[in-house]
Structure formats: C-alpha cells, structure tokens
1. For residues in region B:151-192 being aromatic (Phe, Trp, Tyr) and within 21 Å of residue B:209 (Cα to Cα), which is modelled with the lowest pLDDT?
2. I'm checking my understanding of the structure. Among residues of region A:68-113 that are touching a helix residue (DSSP H, G or I) at 6+ places or on another chain (Cβ under 7 Å) and under 20 Å from residue B:646 (Cβ atoms), which one is modelled with the lowest pLDDT?
3. Taking only region A:92-117 into account, find how many residues are of a type in the set (A, V, I, L, M, F, W, C), open to solvent by 10 Å² or more (accessible area, probe 1.4 Å) and either within 11 Å of chain B (Cβ to nearest Cβ) or free of Cβ contacts under 8 Å to residues at least 24 places away in the same chain (or both).
4. Out of the residues in region A:58-85 meeting the condition of being among the small types (Gly, Ala, Ser) and more than 11 Å from every other protein chain (Cβ to nearest Cβ), tell me which one is surrounded by the fewest Cβ atoms within 10 Å (Cβ to Cβ).
5. Out of region B:81-119, which residues are among the hydrophobic types (A, V, I, L, M, F, W, C) and under 24 Å from residue B:17 (Cβ atoms)?
6. Return the residue satisfying two criteria in turn: it lies in region B:568-587 and is among the β-branched types (Val, Ile, Thr) and touching a residue at least 40 places away in the same chain (Cβ under 8 Å), and of such residues it is nearest to the other protein chains (Cβ to nearest Cβ).
7. Those residues that are at pLDDT below 80 and more than 21 Å from residue B:367 (Cβ to Cβ), I need them from region B:474-492; list them, please.
Amino acid sequence: MTSKYGIGLKIAEEASSQQTVAPTEEHFTSSFEQKKSGDEGTINIISFFLGLDEYAFEVADAVEVLRPRQVTEVPRTPAYIKGILSVRGEMVPVVDLRMRLGLGSSESRPSSRILVVAVEDLKMGLMVDRLAGVKEVPQSLVGPPEEAGPNALFMKGVINAGERMIRLLDASALVDAEGQ
Amino acid sequence: MTKIDLKSERFREFLAEAEDILNSMGKGLNKLGKGVKAGIIDPAVLNGIFRSAHTLKGMCGIFEFRSLAELSHCLEDTLDLLRLGRATLTDELLYCIISAHDLMAKILASKGSGDFSGEIESVKSGLSRVHAKKPRPRDELTKEFISVLTEYEEHRLRECLRDGRNIFIVNVRFPITSFDKGYMALTELLKTESEVIATLPSAKTSHDLLFFDILIGTSRDRAFISGIIKDMTAESEIRVLAEPSSRPDREPVLEIIRGTGHQSSKTGTLKRVSNTVRVNISKLDYIMNIISELGILKSGISSLSTELKADGEFSVYGLELSRAEKNLERKLSELRDSVLDVRMVPIGQLFGRFDTFLGKLAREAGKEIRIVTRGDDTELDKLIVEELSDPLMHIIRNVVDHAIEAPAVREAMGKSRTGSISLSAYQKGNHVVIEVKDDGAGIDAELVREKAISKGLVAREYADGLSRFESLELIFMPGFSTVDVVSETSGRGVGMDVVKENITRLSGIIDIETVKGKGTRFLLTIPITLAIIQALIIEEAGRRYAVPLNSVVEILELRPNSLATVDAEGSITVDNRAMPAVRLSRFFGYPPSGKETVYGIVAGLAEHRLCIVVDHLVEELDVVIKPLSRMIKVPGIAGATDMGEKGTLLVLDVTGILDQVLKEKKSGALRTASV
C-alpha cells in the first residue's frame with residue numbers, strides 16, 4: 001500500500017513541478033478512463049491548486065479538463081457563476097471555484113484550467129488555478145473534513161499526505177447547491 | 001441475473017419499440033372500445049391487440065423487464081380467452097384492459113425504476129375476473145375437419161357460420177422457391193373480401209410445389225372468390241365447405257373448383273417490405289448543428305463578398321462570390337427544410353393516446369364524455385409532440401374533473417347527457433395552434449380570484465386590480481385548485497402550473513376563452529419546431545443576444561426625433577399607441593449605453609405588448625437553441641446557441657421578459673422609469 005502511495009505522490013510531484021508543461025487535456029481525459037476503477041481501499045483523485053492550497057475531486061466525478069476560453073456571461077446569476085460554455089454542444093455553467101469557496105476571485109493565468117465535473121447528467125465547469133495531477137490515495141489517509149463554516153458543505157474529507165494536505169471536495173454538493 | 005443496463009443501445013431500442021407496440025395497442029383498444037359500444041367486435045382488431053401483448057411479453061422477457069412482462073403476460077391470457085370466444089368482452093373488462101395498457105405505458109415511461117407492484121396486482125386481479133363462457137356444443141361441422149384447427153380457428157369458423165357467411169377452402173399451390181411471396185399476396189387479396197380463418201398444409205405433395213388449404217369465411221359467393229383468385233393467376237381450386245345462405249339446414253357440401261394458371265413470380269426475395277429507418281433524434285440534432293454552423297460560415301462569406309463588391313479592383317469577384325453565396329444559401333435552406341421535415345410527425349399520434357385516456361378518466365369521474373379530434377395530420381416536431389403530452393393531459397384531466405358536469409346535471413341544464421371535448425390542431429404560419437374545447441361549465445373568473453385569495457396565492461389588493469383575463473390566468477399559479485376535495489385525478493392543485501411551465505418552455509403561448517355555462521377553449525400556440533429557428537442577433541450594452549423571430553410582433557427604429565416617444569413612466573408611444581417599454585440592459589441589471597438611435601423589439605402575450613429596447617440589430621441567422629443547464633434558471637432567457645468561432649450567444653425569451661416585466665411592474669419591484 002505504502003509503495004503504491006509513494007509512486008502516486010511522485011507522479012503528482014512531477015506534474016506539479018514547474019518544468020513540466022501542464023498535462024494536455026487529452027492526457028487527463030484518457031487517464032480518467034484508466035483510473036475510474038480504483039483498487040479496494042484506495043481512491044483515485046484529481047488534484048489542483050487554488051492559490052497555495054491543494055484541493056481534489058474524486059476522478060469518478062471528473063469528465064474533462066479544458067483550457068480557459070471565453071465564457072458567455074449570464075445575467076441575474078450569482079457572481080461566482082462566470083457564465084456558460086458550450087462543451088461538445090452541451091451548455092455547461094462555469095463556476096469560479098475560488099469565489100464559490102469564498103477565497104476571492106481568481107485571475108486568469110496560463111496555468112488556469114476549467115475542470116468539468118458531472119453528477120449524473122448535470123455538468124459543471126470549475127475554474128482552477130493549476131492542475132496537480134491524478135493520483136491513487138489509500139482510503140486510510142482520507143480523514144473527515146476539518147473545517148466547519150460555510151464551505152463545510154462542499155468538503156468530503158481531507159487527505160493527509162505527509163506535510164501536504166489535500167482537501168477533497170464533494171462534486172454533488174457543489175452541483176446540488178445550484179438547485180435544479 | 002443481469003441488471004437492466006439503462007444506457008445500452010439495445011435497451012433504448014427496446015424502449016422505442018415497446019413504445020411503438022403500446023401505441024398501436026392503444027389504437028387497437030380505441031377501435032375495440034368503439035366496437036363494444038356499437039356491438040360489433042372486429043376479430044382482426046382483437047387479434048392485433050393480442051399479438052401486441054404477445055410480442056411485448058417476449059421482448060420484456062429478453063430484457064428481464066419483469067413488471068412489464070408479468071403484466072403483458074396476464075393481458076395476453078385475457079385477450080386469448082376473448083379472441084377464442086371463451087369470454088365475453090364486457091364494458092368492465094374493456095376498462096380493465098385499458099387500465100392494464102395505461103399501467104404498461106407508465107411502467108415503460110419509468111424505464112424500470114419505479115415500483116408498481118401494487119398497481120400491477122390490482123390490474124391483474126381485474127383481468128382475471130373474466131367470465132368464461134360455456135364451450136358451445138359441437139355442431140354440424142365434421143369432427144375430423146375440426147380436429148386440425150386450433151381452438152381460435154375453430155371459434156372463428158363457428159362465428160362465421162353463425163353470421164351466415166360462406167365457408168370456402170381455397171386450395172392453392174406455389175412453386176417452392178417463391179411460395180412465401182405468393183402466399184402473402186394471395187392472402188392479402190383474400191382478406192379484402194373475406195376473413196382468412198386458417199391456412200392448412202395440404203396432404204398433396206410434389207417435389208417443387210407446395211400446397212395449401214386456405215379456409216376463408218366470406219359473404220361473397222364462390223364465383224366471386226374464384227374470380228379474384230384468377231386475377232392472381234395462382235394455381236388454385238376452391239372447395240365450398242359451407243354455404244349457409246343457400247342451404248341453411250344442410251350438412252356442409254364440399255365442392256371443388258379447379259383453377260389454372262401459374263404463379264408468376266419465380267424468384268424469391270429476402271428484401272424487407274418496409275423502407276423505414278428508425279433514427280435517434282439526437283442524430284438529427286447533430287445534423288441540425290452542422291447546418292447552423294454552415295449558416296454561420298455562409299454569413300462570413302456574405303460579409304466578405306460585400307467588402308469585395310465595395311472594392312473597385314475586386315468588385316467583379318465580389319459579385320461572383322455573392323452570386324455563389326446566394327446559391328449556397330438556397331441549397332442550405334433546402335437542406336434545413338428537409339432535415340426539419342424528417343423530424344415532423346402528425347399530432348394525431350398524440351391525440352390518439354388521449355382517446356383511451358379520456359375513456360378511463362370519464363369512467364372514474366362518473367361522467368359521459370366523447371372526444372372529437374380534428375387536424376390529426378397537422379405536423380409538429382417529434383420532440384414538441386412529446387413535450388405536449390403532459391400539458392394536454394393535465395388540461396384534459398381538469399376539463400373532465402371540473403368543467404364537464406355530471407350527466408344528470410347536464411340534462412337538467414338542457415344540455416346533452418354526454419359532454420364533449422374536442423381536440424383540434426391547425427397550422428398558422430410557423431406555429432401550430434392546438435385547441436382544447438369543451439362544452440362544460442366554463443371557468444368563473446370571480447371564483448378563481450376568490451379561491452386564489454383564500455389560498456393565499458395572491459394578496460387581495462393585488463387581485464382586485466386584475467382584469468377578467470388576468471384573473472383567469474391565476475389558474476396557472478402553482479398550488480391553485482378550485483376544488484376542496486382532492487380526487488384521484490385532480491384537485492391537488494398540481495397541473496395547470498405544469499401546463500404553463502411546459503408551454504412556456506416550448507416558447508408557446510396559452511390563451512383561455514371561456515363562457516360561463518357554455519364551455520371553455522384553451523388555445524395553445526406552439527412553434528412548429530425548436531430544432532432550428534430564425535433569430536435576429538441584437539446587441540445591447542456591448543453584449544450580443546439572439547432573439548427568436550417567431551416570438552417578435554414587430555421591430556421599431558426609435559430615433560430621438562421620430563414619432564415614437566418614450567416617456568418617463570417606462571412606456572413608449574408609437575403612432576398614438578402606448579405600450580410599456582424596458583431597456584434590455586436594465587432588465588438584466590447592466591448599465592445601458594448612451595446610444596441615441598435605438599431599436600424596439602415588440603413582444604406579445606395575449607393582449608399585452610412590451611417594447612424591449614436594444615442598441616443594434618446585427619444580422620438574421622438560423623440558430624439551434626440549446627437549453628441552458630438546469631442549474632441556471634434566468635427569466636427572459638430561453639437557452640443559448642453555439643455560434644462556433646463566434647462563441648456562445650444567449651437566446652432571449654421575449655414573452656418571458658414580458659411576463660416578468662408585467663409581474664414586477666405590478667409588485668412595483670422594478671423601476672423602468674427611465675428607458
């Protein structure tokens with residue numbers, strides 16, 4: 001188990017180091033397919049940074065990663081909804097995740113990505129500052145969410161990876177919060 | 001046991017096919033119902049329903065769709081008894097069969113997710129209460145002849161005899177290579193003049209010929225039948241088994257007519273007769289997307305040719321290019337029209353479903369109602385037809401429950417005992433108008449207003465200011481119901497708001513006309529298709545939007561010194577007509593531009609008009625509307641359209657804006673003081 005974790009973390013570090021060019025969209029999309037079914041006792045996550053903090057979704061929740069592009073602003077919606085984007089003919093709302101979590105609005109930078117998550121047939125795009133990578137994490141390292149407060153609703157747990165801490169987000173809570 | 005994979009292509013095909021079968025079963029039940037009333041039961045119809053149930057049972061078995069399989073099995077058993085004449089089709093039994101059909105449709109719609117065991121049990125117990133008839137004593141027909149017939153065939157034979165028809169045995173032979181084709185053609189022909197009771201293999205044999213005995217019952221005489229067979233040039237002979245009309249009291253006489261000639265077609269074929277292709281509508285949507293993208297590309301060429309034409313040196317090429325572009329435009333619109341045509345289905349498909357549904361409802365409500373449909377051939381987009389199913393069902397349900405009076409009440413009022421609901425459809429430009437008319441009690445606007453106030457849906461001060469039409473519109477509010485007792489069908493206050501919501505989603509408009517004591521007319525005006533629409537691209541406060549042209553009443557140019565004047569109250573006067581106006585940017589909460597010459601897009605909803613003021617009119621384009629995500633609901637926005645390179649545009653719902661502005665004006669929430 002630990003050796004597996006070690007490898008996973010290494011991949012993550014490679015991906016997150018500045019020398020490595022951010023993985024291509026195709027790369028992530030194909031690795032989702034491979035990692036959807038994790039072994040017993042482990043979960044597959046896709047992690048990313050919002051500022052200096054690392055967050056993650058379960059790979060099963062993620063659909064694809066897009067480079068930032070022009071979204072169409074929708075009036076009379078909350079400020080954190082940046083607008084809609086046509087993803088393969090389907091209209092997907094794009095949410096500024098930093099703003100949604102009350103971390104201030106994010107600014108567009110070359111490493112920014114839109115991570116598309118899906119809950120059943122509902123898709124949502126989330127603006128993130130930088131992708132870290134896809135990794136396999138033993139279930140034993142996933143603890144209960146630490147934070148109380150407005151964001152507790154969106155937290156699924158906390159992964160304690162040595163010195164680093166990855167907050168695991170709940171995609172369905174984010175989608176459900178928008179009402180249907 | 002494998003679980004049903006809801007996403008698999010095969011399962012989806014199964015659903016589509018099962019739906020078709022249920023539809024045709026529904027049509028059959030309709031005919032059967034009419035037959036029962038008239039006292040004539042067409043065996044072919046009964047058989048058709050039986051076969052549908054049988055096929056469905058088989059299909060459900062393959063997909064392990066147990067609840068449906070169980071029900072179709074039970075229905076098949078009952079229908080089998082009926083077609084064999086071992087049970088009588090009573091009104092009560094017909095009702096059970098219709099309920100079974102409805103439940104099957106419901107189960108199918110749930111795609112196997114719901115639990116219907118309770119309902120299945122009750123329907124099953126209804127079906128099993130068939131009153132079996134005593135088997136009839138054997139009569140003059142020879143035992144050995146009867147012995148080769150199935151029970152059903154025997155029953156039909158007896159029925160034919162009882163009806164006084166002639167019974168013939170047509171003996172035919174076909175070349176072994178093409179017998180199927182020849183046999184089909186012959187039976188089709190025979191069916192036009194007779195009932196084909198049974199086909200029996202003949203005792204005669206030959207190495208390259210097949211012999212059949214076709215047992216038919218007909219009111220025609222032998223010469224007539226042999227005449228039509230001669231036309232077929234099939235090698236045949238006809239034996240007369242029984243001619244009750246000429247020899248009523250005698251034993252059947254066997255006669256043989258020998259025919260000559262030869263089956264013309266020598267080669268068989270494996271080609272299917274039907275040329276129909278079943279296509280998933282999403283594939284058509286995809287084609288529509290491409291067409292709309294082509295339209296956008298074409299508009300690029302168009303602006304290029306305009307530029308070239310203005311350029312002295314290249315103006316000749318510009319002209320050439322613009323001519324080519326015109327041709328492209330023509331072909332493109334042909335392509336668009338033909339794809340649209342493929343999506344069109346007659347609304348009769350939908351009307352037909354209500355026939356059985358209404359019968360059941362009326363029975364439950366203890367009312368006598370007949371349904372009349374008109375304009376069944378009117379064509380609408382398949383998706384729209386499906387979307388109309390729920391709203392129409394709710395309207396009909398309400399009419400049955402609240403509008404049509406009980407038979408005794410009707411008689412006392414001097415109306416006929418039987419109430420009538422008419423469903424009609426006709427095309428009006430790019431729209432189809434669907435009218436649901438009843439001759440019931442009508443809607444009392446006063447009562448509606450009082451109920452809405454007493455239920456706390458509206459404040460009295462607000463309600464008192466409403467016109468009669470606006471009061472009527474209160475029935476579309478969520479939670480509205482004029483009945484205090486909740487019945488099985490309606491009265492829960494759920495329904496009419498769904499109607500309004502669904503129709504609005506289809507960019508449609510509802511009008512109500514009602515006369516107290518005389519009846520009510522619901523008019524639904526629906527666009528023929530939503531797949532691709534003509535849109536006007538407009539710009540306001542630096543943002544572009546698409547406006548569906550079919551919802552625009554007129555477009556005005558508002559120069560600062562033109563006849564149109566805008567006053568401080570947020571209304572506009574054009575040719576002495578005043579109407580409310582709103583600046584689009586204000587409606588959406590953006591700061592408006594300071595542009596002087598602006599344009600007014602006039603939206604209409606019933607007798608209301610609203611002028612929506614925008615900065616620029618950009619161009620006209622065919623666009624494909626996509627729904628916004630369910631997570632975003634914004635009044636005034638119908639959806640979005642993907643413009644390829646040019647990004648995504650929001651599509652405005654102008655009647656939605658009108659509706660919202662009227663509401664906000666009433667409650668004083670929105671200040672449209674300065675336009």
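1. B:179
2. A:89
3. Residues flagged as of a type in the set (A, V, I, L, M, F, W, C), open to solvent by 10 Å² or more (accessible area, probe 1.4 Å) and either within 11 Å of chain B (Cβ to nearest Cβ) or free of Cβ contacts under 8 Å to residues at least 24 places away in the same chain (or both) within region A:92-117 amount to 1.
4. Applying the filter and picking the extreme gives A:79.
5. B:97, B:98, B:100, B:103, B:104, B:105, B:107, B:108, B:109, B:116
6. B:582
7. B:477, B:478, B:479, B:480
Here is a yes/no grid of residues against (1) in a loop (DSSP other than H, G, I, E, B); (2) more than 14 Å from chain B (Cβ to nearest Cβ); (3) within 15 Å of the chain's Cα centre (by Cα):
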residue	(1), (2), (3)
A:134	no, yes, yes
A:148	yes, yes, no
A:157	no, yes, yes
A:160	no, yes, no
A:166	no, yes, yes
A:174	no, no, yes
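The values are calculated or read from the model by the stated rules, or taken from the named source; none is laboratory data. Model, not experiment: these values are computed from the prediction. As a convention, Cβ positions derive from the backbone with ideal geometry for all residues, glycine included, and neighbour counts pool all protein chains shown. Only protein heavy atoms, including side chains, enter the accessible area calculation; ligands, DNA and RNA are left aside. Shrake-Rupley method; radii C 1.70, N 1.55, O 1.52, S 1.80 Å.
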